[in-house]
1. Between residues in the stretch 63-87 that are of a type in the set (Ser, Thr, Tyr) and residues that are modelled with pLDDT of 95 or more and not in a helix (DSSP H, G or I), which pairs lie under 6 Å by C-beta distance while being six or more apart or on different chains?
2. When you scan the stretch 178-186, do you find a residue that is away from ligand 1 (no atom under 11 Å from the Cβ), among the aliphatic types (A, V, I, L, M), touching a residue at least 12 places away in the same chain (Cβ under 8 Å) and surrounded by 20 or more Cβ atoms within 10 Å (Cβ to Cβ), even just one?
3. Looking at the stretch 103-154 only, could you name the residues that are within 14 Å of ligand 2 (Cβ to nearest atom) and assigned to a loop (DSSP other than H, G, I, E, B)?
4. Please give the number of the condition residue 74 fails out of (1) closer than 25 Å to residue 15 by Cα; (2) crowded, with 22+ Cβ neighbours inside 10 Å.
5. When the stretch 87-102 is examined, which residues are found to be surrounded by 19 or more Cβ atoms within 10 Å (Cβ to Cβ), touching a helix residue (DSSP H, G or I) at 6+ places or on another chain (Cβ under 9 Å) and at pLDDT 95 or above?
6. Would you please name the residue that is nearest to ligand 1 (Cβ to nearest atom), looking only at residues in the stretch 1-47 that are buried (at least 18 other Cβ atoms within 10 Å of the Cβ) and among the β-branched types (Val, Ile, Thr)?
7. If you scan the stretch 214-232, which residues turn out to be out of contact with any Ser or Thr (no Cβ under 9 Å at 6 or more places or on another chain) and either buried (at least 18 other Cβ atoms within 10 Å of the Cβ) or of a type in the set (Ser, Thr, Tyr) (or both)?
8. Report, by residue number, each residue of the stretch 149-170 that is at pLDDT 95 or above and crowded, with 22+ Cβ neighbours inside 10 Å.
Amino acid sequence: MTAPRLTLPSPAKLNLMLHIIGRREDGYHELQTIFQFLDYGDEITFAVRDDGVIRLHTEFDGVPHDSNLIVRAAKKLQEQSGCPLGIDIWIEKILPMGGGIGGGSSNAATTLLGLNHLWQLGWDEDRLAALGLTLGADVPVFVRGHAAFAEGVGEKLTPVDPEEPWYLVLVPQVSVSTAEIFSDPLLTRNSSPIKVRPVPKGNSRNDCLPVVARRYPDVRNALNLLGKFTEAKLTGTGSCVFGGFPSKAEADKVSALLTETLTGFVAKGSNVSMLHRKLQNLL
Ligand SMILES: C[C@](O)(CO)[C@H](O)COP(=O)(O)OP(=O)(O)OC[C@H]1O[C@@H](n2ccc(N)nc2=O)[C@H](O)[C@@H]1O
Ligand SMILES: Nc1ncnc2c1ncn2[C@@H]1O[C@H](COP(=O)(O)OP(=O)(O)OP(=O)(O)O)[C@@H](O)[C@H]1O
């Protein structure tokens, strides 16, 4: 008998706004941010093993097997659930690493949800999100699968339903260090907390943008070029830059002009992650 097998999407996220409202004692910054998903991402295939071994078959540049968030997520879930089964994993990676579109966090969440299903653990979303948070602040929103206003370091989530435009995402060929941006003395850390819900219009800025644009000329260039056509924004700490368009045709048109010199892609914004849409179809 062939082992149960499952292929699941692992979408990207955008930060539609990001305000830094303070700094905790452990050095982490308190954020207010809106996460939305893209219908664009990696694809992960899982096949159950009965010997308990966890094996990722796809190699990543610069990420050792046991440091990969996919493997770390699988091992933690196995340990905490006491599941005797193992897993073979393959990934088709299209999301840029260190781009601020959450690829690693998304891969970890897809792994948690995929294994919960294949290993028949019956964990609820709260438990999976709590385990996810120990792997990274952005993992819980991918576990929950709904666009969200996030507070804390990103773990306090309130579902929201912003517009779902088509986005052109530009991918400057530099990896931005999140730690470096958060330790820059010039970073704004005292934005006024937004207390009104839903978040009022006019709050779409990303407090990391001035620091990233100053340090990374390639990101600055992408912001300037895209800014000629639409409001150009930074996701997370970059490097990716994005702008919304009312139709795919309009996003494609600007993409054709800009991707002559820059790498990028067009994708639809989505308030329900494509991972959750696929899982719903399975149940
Ligand atoms: C900025 C966001 O992209 C918004 O979605 C994420 O919060 C970043 O999350 P991430 O990539 O998982 O970041 P981590 O790898 O946890 O953080 C790297 C480093 O950035 C700093 N860091 C990160 C997040 C945060 N809220 N405050 C911080 O000060 C910390 O020094 C941390 O050691
Ligand atoms: N499965 C994985 N996919 C991508 N990166 C991974 C993975 N596992 C570990 N990493 C490590 O995590 C780092 C950050 O990767 P990721 O793709 O999540 O960055 P990001 O898009 O900037 O995320 P964020 O928006 O959360 O800051 C990578 O540079 C890599 O070293």
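The values are calculated or read from the model by the stated rules, or taken from the named source; none is laboratory data. Values in this document were obtained by computation on a predicted structure and should not be read as measured data. Positions of Cβ are backbone-derived with ideal geometry, glycine not excepted, and every protein chain shown enters the neighbour counts.
1. 81/121
2. Let us first name the residues in the stretch 178-186 that are away from ligand 1 (no atom under 11 Å from the Cβ), namely 185-186.
Filter once more, keeping what is among the aliphatic types (A, V, I, L, M): 186.
Narrowing the set further to residues that are touching a residue at least 12 places away in the same chain (Cβ under 8 Å) leaves 186.
Next cut, surrounded by 20 or more Cβ atoms within 10 Å (Cβ to Cβ) only: none.
Looking for residues that are away from ligand 1 (no atom under 11 Å from the Cβ), among the aliphatic types (A, V, I, L, M), touching a residue at least 12 places away in the same chain (Cβ under 8 Å) and surrounded by 20 or more Cβ atoms within 10 Å (Cβ to Cβ), one finds none in the stretch 178-186, hence no.
3. 135, 136, 137, 138, 153, 154
4. Among (1) closer than 25 Å to residue 15 by Cα; (2) crowded, with 22+ Cβ neighbours inside 10 Å, the lone unmet condition for residue 74 is (1).
5. Just the residues of the stretch 87-102 that are surrounded by 19 or more Cβ atoms within 10 Å (Cβ to Cβ), to begin with: 87, 89, 91, 95-96, 99-102.
Pick out the ones that are also touching a helix residue (DSSP H, G or I) at 6+ places or on another chain (Cβ under 9 Å) and you get 87, 89, 91, 95-96, 100, 102.
Residues satisfying the conditions are 87, 89, 91, 95, 100, 102.
6. Checking each candidate, the answer is 33.
7. 223, 226, 230, 232
8. 150, 167, 168, 169, 170
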